[in-house]
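Below: the structure, in structure tokens.
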């Protein structure tokens, strides 16, 4: 009897510990799943009783960026130009994540056809960013299918690869501000390296905490750019690749557009930054291009800032650090804005108090604009 009681007591303790662990884990996951819904928009000032300051420039409601991975020196220009026709039709800008030296065999070089074409696209408002160095791990000689280049690499080897890749792309004529690790194989070391090397941003889906890496519901709950810990590096979480199709198997069906549209609409309603993931090899197929056209046509009537990740990164540094205070004096609304940045072009102020007759705007104590509140929206 005593042994039975002891065993029952032990079982109860084990069950209690397991339940406690599960409860703590669920709370932990809940916090990260709904981080932005719980904490709110990660900026110093959003609104008060008198004004609201828009998250995005020029009175746009949300930001849209289309990203294309795995472009390298072997990329067919005609394939990329075909994709650009659909993007241009919707006035959609793109960030191209370029592999500098694919498989240690194919290097991006200055004056090559693909480099010249990419430079033309940059002139049109697109961007070239870095996608690792070789897109192969050190084990690639053993397994050609191992694309996770940074998996298991120590700090200095990662830094060496990022530095070499950045120099190759710069020598080819590109200004590099952003990074995305192949197969999203980023580590804590990678974040610190990018910070040390003065990258402006990283774009990933594998983010801290590690238990949520590549977790779709988690990624879909993050609507705005943010920082990993206290780094200056800005992080963009991407949405899934809806355009993944091969010649032999097709994952694209009629429901994909509805899923893409539904996810986009959530970001749009939340005034977020919607970053779409794609891969150049999979994108240039009949079904993928058809889906791209559907989405391009759908988003045309939306009030979007269609841009690249570098421009979003630059803007977000301004927006997240901006602070404002307001008070009313003799029917005049006085708006005091503090910002470490001098150029606030495109900043949008929405006036909320209909009883106010006029306004004055001060930036870092300097009067920069005044007028009548009949305007309602001030740029």
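The values are calculated or read from the model by the stated rules, or taken from the named source; none is laboratory data. Bear in mind the structure is a predicted one, so any value in this text is a computation, not a measurement. Methodologically, a virtual Cβ is constructed for each residue, glycine included, from the backbone with ideal geometry; neighbour enumeration extends over all protein chains shown.
Annotations for the structure displayed:
- Residue 132 vs. criteria under 21 Å from the mean Cα position of the chain (by Cα), under 20 Å from residue 310 (Cα atoms), part of a loop (DSSP other than H, G, I, E, B) and without any contact (Cβ under 8 Å) to a residue 60 or more places away in the chain: yes
- In this entry, residue 147 is excluded by the filter for residues that are at pLDDT 70 or above and either in the same structural domain as residue 108 (by TED's automatic domain parsing) or under 23 Å from residue 273 (Cα atoms) (or both).
- Of the strands (runs of 3 or more DSSP E) entirely within the range 37-99, those holding at least 1 residues that are under 20 Å from the mean Cα position of the chain (by Cα) occupy 62-71, 94-98.
- Residue within the range 188-196 that is at pLDDT 95 or above and either closer than 14 Å to residue 236 by Cα or crowded, with 20+ Cβ neighbours inside 10 Å (or both) present: yes
- Elements of type strands (runs of 3 or more DSSP E) contained in the range 244-342, each with 1 or more residues being within 15 Å of the chain's Cα centre (by Cα): 273-276, 304-306
- Filter result for residue 78 (out of contact with any strand residue (DSSP E or B) (no Cβ under 7 Å at 6 or more places or on another chain) and either closer than 30 Å to residue 109 by Cα or at pLDDT 95 or above (or both)): yes
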